[in-house]
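Step one of this worksheet: look at the structure below.
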Amino acid sequence: MVRAWLLGCLLAAAGAGPAQAEFPLFRISTADTRITEYALSMEEIRRAPRVSEVRVAEFHRRDQRARRWMMCMFNTLAVLRGFEYWTVVYPQPGSDVVLVGFPRSMTEDLAAFDPRFDTRRALGIIAPIERGVRLCKDLRPQSN
């Protein structure tokens, strides 16, 4: 897990794009990011060229700290997959699967290529990874 995260960050810094930087499905937990106050995990369960389906345990019971951690991990997933932007569609009640999309710009309409983004459950904003990198720098995985 940690190696994949580091590899993705290095590839992103070197300018590797999505076609150049494929890796196994993403899995991470709060323990991997040096957080012991609460326990969360995230697991990518399906991947398409510009969309990942991610299971987040206890998604609907998250607090503010957990929201920040999830946002940082969505950002990490975007970096690992070689994208510059990301957005999400939150799951329906009773589900813990989040749809993470990777637009090519801050203005791209993701519903144009995936109708699942045309919903009121969509986040409604597109996040650039550079903002997440600054905000999430203290959540780096532990090296073993």
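Read the figures in this text as sums done on the coordinates, not as results from a lab. Everything numeric in this text was worked out from a predicted model, so none of it was measured. Cβ sites come from the backbone with ideal geometry, for glycine too, and all protein chains shown count toward neighbours.
Taking the Cβ of Val56 as the center, what net charge do the other residues with Cβ under 9 Å away carry, scoring Lys and Arg +1 and Asp and Glu -1?
Details: positive: Arg55, Arg62; negative: Glu43, Glu58, Asp96.
Within the 9 Å Cβ shell, the charges total -1.
Over every Cα atom in the range 52-144, the radius of gyration and the widest Cα-Cα span, Dmax, amount to 13.2, 42 Å.
Fully extending the segment from Gln92 to Ala48, taken as 0.36 nm per residue of separation minus the present Cα-Cα distance, adds 13.8 nm. Between the C-alpha center of the range 25-59 and that of the range 68-144 there is a gap of 12 Å.
Each peptide in 94-106, 122-134 was scored by the mean count of other Cβ atoms within 10 Å over its residues; highest first, the order is 94-106, 122-134.
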